[in-house]
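Everything on this sheet refers to the single structure shown next.
The values are calculated or read from the model by the stated rules, or taken from the named source; none is laboratory data. Quantities reported herein were computed from a predicted structural model and do not represent experimental measurements. As a convention, Cβ positions derive from the backbone with ideal geometry for all residues, glycine included, and neighbour counts pool all protein chains shown.
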């Protein structure tokens, strides 16, 4: 969701910065557009980092000796397992 929001902020900011040319003495629409474009890039990057972090998994393999027999246990844990 944050990736789409970042792209939307960037597009709206680009429209305000480059396509809208309304005479206004109080607010610079170009500056607001540049700020929105910067915020869109930041939100997009945060979304990508969270997506990569969410898909990361840890695999732990442990070999134990039980009564002369070797038992191997393999556990795979995703970072989503922390959320209950």
Item to complete: Find all pairs meeting these conditions: Cβ atoms under 6 angstrom apart; at least six residues apart or on different chains; first residue within region 10-21 and over 9 Å from residue 33 (Cα atoms); second residue surrounded by fewer than 18 Cβ atoms within 10 Å (Cβ to Cβ) and modelled with pLDDT under 95.
Response: 20/29
Discussion item. Quick check on region 22-56: of everything there that is in contact (Cβ under 8 Å) with a residue 40 or more places away in the chain and over 10 Å from residue 6 (Cβ atoms), which residue is surrounded by the most Cβ atoms within 10 Å (Cβ to Cβ)?
Written reply: 50
Discussion item. Looking at residue 72 and the list (1) in a strand (DSSP E or B); (2) at pLDDT 65 or above, which single condition is not satisfied?
Written reply: (2)
Discussion item. Among the listed residues 6, 38, 47, identify the single one that is at pLDDT 90 or above, in a helix (DSSP H, G or I) and out of contact with any helix residue (DSSP H, G or I) (no Cβ under 6 Å at 6 or more places or on another chain).
Written reply: 38
